[in-house]
Each structure stands twice: as C-alpha cells, then as structure tokens.
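Report on the following structure.
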C-alpha cells in the first residue's frame, strides 16, 4: 500500500514537471504504426515517465483509459504477436505490466495518457535499444485499446513519419514539452530544422 501511494505522489509531481518542461533532461520519440498517434518518454533525473498521444482522439482509447488505472490491465509485447480484432493476441499474460499508474486528459480533441511505471518504461527502453516495434494494450471492463509503436532513432525514422502522416509529424515535433530539450536518440536539442513541412 505504501509503495502505491509513493508511486502516485511521484507521478503527480512528474506530470506537473512534464507539462511545464521543468527538470526534463531528455526524451525519446515513437510513432504509432498507423500514423495517428505518438509516444514520448521523458527522462527526469533517475525517473522515466511516458505519454501516449492520440491526435484527433480515438473512441476506444478514451473509453479504456477514462477508467481508473486500478480497473485496467496493461500489456507491452513484441508487435508481431497482435492480430487485428483479436483482443487476446494483444494481451498475452507473460507480458502483463504489474503496476501502470496513469492520468487521462483530453485537450482540443487530442487525447493524452501520461503514465508512470518503472516496469513499463524499462520494457519500452529495451525495445528502443533493440530498434524494435512493440505494442501497448490495455483492457477495462467496458473497452480495450491496442497500439503498435515504432522507435524514432534517426532522421530517416522522422522522414518515415512525415510520409505516413504530416499532421502527426508536425504535432509531435512542435510538442511544447520537448522544446529546447535534448532528444536522447537524435542527439539534438532543437527540432526547428525539421519544421519546414509544418509551416
């Protein structure tokens, strides 16, 4: 019980810091396979926090995550295991995340799931290191969501996202939480040189 309370306190403090761009040392980027969303990992001192963004919103994303985190189960697994429309294939028991604390919010039709989970972020960093895509899936009593994410490790990956969905590309590189913060993989602090297609 004490561990859960501590995690929630750390998490709420982190959300404040992420939204104000304070104390975020660096970040990693991922885009959703269909080009409709993205994931950002924020590195802050010794902690890592994540945010999944659904640009324009998605009914099942919202329906799943408006349930509290103690009412959902979350799984992170290799992307090749999920089969379209087959819920069980996205949620294989060996890949279940033990504790996945999150907050859902909707701003101007975009949906944001900010989460704190050392197990989840360590797993995601592993996929980034190996340059492998992965899926994140969650189920509640009323709905389920699954998304496949691809690491952005170099400028070619940015170009791939630009070709897939220009709007998502522009929304992601202009995200206020990463302005003047160094990208861990791209090793640059300013993405303005990539903003020409967004002008």
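The base-10 log of I(q)/I(0) for the range 100-187, evaluated at q = 0.14, 0.19, 0.23 Å⁻¹, reads -0.64, -1.24, -1.63 [Debye formula, identical scatterers on Cα atoms, solvent excluded]. Using the rule -39500 (n - 2.57) for each DSSP H run of four or more residues, divided by the residues of the chain, the 222 nm mean residue ellipticity is -9000 deg cm²/dmol. According to the square roots a ≥ b ≥ c of the eigenvalues of the Cα gyration tensor, what is the shape class of the range 140-193, taking rounded for a/c under 1.5, prolate for a/b larger than b/c otherwise, and oblate for the remainder? It comes out prolate by the Cα gyration axes.
A straight line joining the Cα centroids of the range 78-121 and the range 158-198 runs 23 Å.
Taking a point 7 Å from the Cα of residue 98 along the Cα-to-Cβ direction, the residues of the range 109-153 with backbone N closer than 16 Å to it are 116-124.
Any read-out appearing in this document is the output of simple, stated calculations on the displayed coordinates, not a laboratory observation. Note that the structure is predicted; figures quoted are calculated from it, not measured. Because the Cβ atoms are built from the backbone with ideal geometry, glycine has one as well, and the counts that use them run over all protein chains shown.
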